[in-house]
1. Relative to the compact-globule scaling 2.2 N^0.38 Å, provide the ratio for the alpha-carbon radius of gyration of the stretch 367-407.
2. Roughly how many Å is it from the Cα centre of the stretch 398-426 to that of the stretch 82-131, as a whole number?
3. Just subtract the alpha-carbon distance of SER90 and SER163 from 0.36 nm times their residue separation and send over the number in nm, one decimal.
4. With every protein chain kept in the model, how would you rank THR118, THR426 by accessible area, 1.4 Å probe, largest at the top?
5. Can you give the relative contact order of the chain as a percent, counting alpha carbon pairs under 8 Å and 6+ residues apart?
6. Which listed residue (ALA400, VAL427, PHE295) has the Cα farthest towards the positive end of the charge dipole for the chain, taking +1 on Lys and Arg C-beta and -1 on Asp and Glu C-beta about the Cα centre?
7. Quick check: pseudo-label points 7 Å beyond the Cα along Cα→Cβ at ASP415 and ASP180, how many nm apart are they?
8. Just from its helices, what would the mean residue ellipticity at 222 nm be for the chain, if runs of 4 or more DSSP H residues each count -39500 (n - 2.57) and the sum is divided by every residue, rounded to the nearest 500 deg cm²/dmol?
Amino acid sequence: MYLNPFRDFVKKVVSTGVSRKRRRSSPSRARKSDRNSRGPAPFTVAAEMCEARTMLSGPALITVAPNTGGFITNGSLQTTAPTQLTFTFSPSTSIINTPANLSNISVTRAGADHNLGTADDQAVAAGSIVVDTQNPNIVTLRFANSLVNDTYQIKVAGTLNSSTGFFNSQQNQTINFSVDFGAQVVSVVPQPVVRTEQLKIGGNAQSLDGQTIAVSMGGGTTVTFQLKNSSTASVVPPANTGVVYDPGDSTTVVAGKLAAAINTAATTNGNPLFNTLATPVTNAGNQIALTGAAFTADVRLSAAGLNVSNAATITDLDTFTVTAQNGTVRTFQFKDNTTPSLITPGNVGITYNPGASAATLTTAILSALNDPAAFGAGFAVQNGNGVKFAGNPAVVLGTANASFLTLVGGAQVADGALVPKNDVITVYFSKTELVKSLAEDPAFYQVLNTTDGSILQPTSVKYDNVGNTAVLKFAADLPTATFHVTIGAP
């Protein structure tokens with residue numbers, strides 16, 4: 001017999017159906033005879049049961065890539081604001097390229113509260129959104145405007161259609177991410193010009209009691225001073241700075257006590273007014289001049305009452321805004337019944353007819369103030385041709401003619417002279433808070449005089465994390481020149 005490898009291989013495979021145990025126990029002759037008589041052993045086939053799988057219908061989202069690099073995943077942080085996003089879906093699918101279909105891809109930002117799913121969420125406008133003509137499973141969304149620091153949500157709706165069906169078995173998919181590129185310099189203002197605010201103390205011991213004078217600088221934290229008659233039971237809230245006066249004190253004495261309290265705040269490290277006012281703050285008679293170091297002082301006074309001084313000068317849609325001591329704010333708006341004008345949504349309307357008398361207008365004002373939709377019963381009472389407040393709310397007039405309404409109270413504020421601050425540079429930052437120790441380090445700032453190449457270093461820096469400003473003060477007035485400001489770690 002000649003050697004046939006293929007035959008021998010087949011025989012070997014076929015013979016695998018015979019048990020090894022049986023071959024060992026049989027004599028060789030019987031084994032040969034048995035094999036010849038039986039014929040080839042049959043093949044056996046084993047089948048394994050696999051777990052059930054459900055196939056998704058339509059394409060899946062594979063990646064979202066910003067033009068700044070990398071990928072956007074749920075909870076990721078982008079330190080550079082992307083201008084466009086590229087969506088890659090499953091291969092071998094074509095996204096239907098119509099505006100209606102592509103509107104199923106959207107981006108929303110959280111808004112002022114930085115929380116998604118709340119009333120102030122804002123849709124992020126797309127400048128364009130297109131399907132790639134060469135790779136129809138890729139969609140590019142370009143933003144209409146630069147993204148700001150905020151929390152964002154990408155949403156791909158299950159109704160996004162493609163050549164292979166609706167996206168993700170018609171289930172929406174969302175991806176949340178944040179953009180935070182750190183503090184940015186918004187503007188630099190060299191040698192700002194500020195206006196002195198003249199605070200005048202008038203009235204008498206009764207009208208002054210409880211009146212508040214709220215002072216803030218450059219949008220920073222407000223410090224509230226409250227006048228307190230030592231002979232009454234009025235209470236100064238813990239958040240306010242009390243200024244106690246005696247019933248027999250003249251307005252000049254009261255002004256001096258208030259000036260001293262403001263000066264203490266402006267010279268106490270850690271107080272929001274520290275280094276923000278020209279000091280010392282003093283009074284001249286019953287008047288106090290408040291001149292900011294880099295900003296015009298924002299002074300808001302509470303009022304004891306409101307008078308209708310000249311009813312004939314009322315103008316349709318005039319307003320006045322009242323802020324109660326508990327923080328409730330209401331804006332009241334006068335509406336001429338004979339005009340088609342509309343009251344601004346959210347405002348409390350006070351209707352009148354042309355020629356209405358001061359007494360009639362006073363009654364209407366009183367009714368509006370005490371309405372449950374405003375401040376409720378007892379907030380104000382009639383006082384001649386005007387009203388007297390139960391507390392000392394802050395009142396801001398928005399009237400076309402100053403003679404129509406006047407505030408009743410012991411203190412008044414008026415604009416004074418303009419004052420240039422030639423030894424100051426003010427830097428405005430975005431709302432990302434800086435590390436205070438760095439932001440107030442003079443070495444963090446360098447001012448290059450491009451005219452002669454000299455470098456100016458501020459002697460002190462006042463950083464306000466509420467107003468997002470840094471006031472750089474120099475040892476002398478800045479010369480007439482062109483400057484280049486560098487801001488960064490020393």
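1. Dividing the Cα Rg of the stretch 367-407 by 2.2 N^0.38 Å gives 1.24.
2. One Cα centre to the other: 47 Å.
3. 25.2 nm
4. THR118, THR426
5. Numbers: 1058 pairs, mean separation 63.2, N = 490.
For the chain, the relative contact order is 13 percent.
6. VAL427
7. About 4.1 nm separates the two model spin labels.
8. -3500 deg cm²/dmol
The values are calculated or read from the model by the stated rules, or taken from the named source; none is laboratory data. Fair warning: this is a prediction, and the values are worked out from it, not measured in the lab. Note: ideal-geometry Cβ built from the backbone for every residue, glycine included; neighbour counts use all protein chains shown. These accessible areas exclude ligands, DNA and RNA; they are computed on the full protein's heavy atoms, side chains included. Shrake-Rupley method; radii C 1.70, N 1.55, O 1.52, S 1.80 Å.
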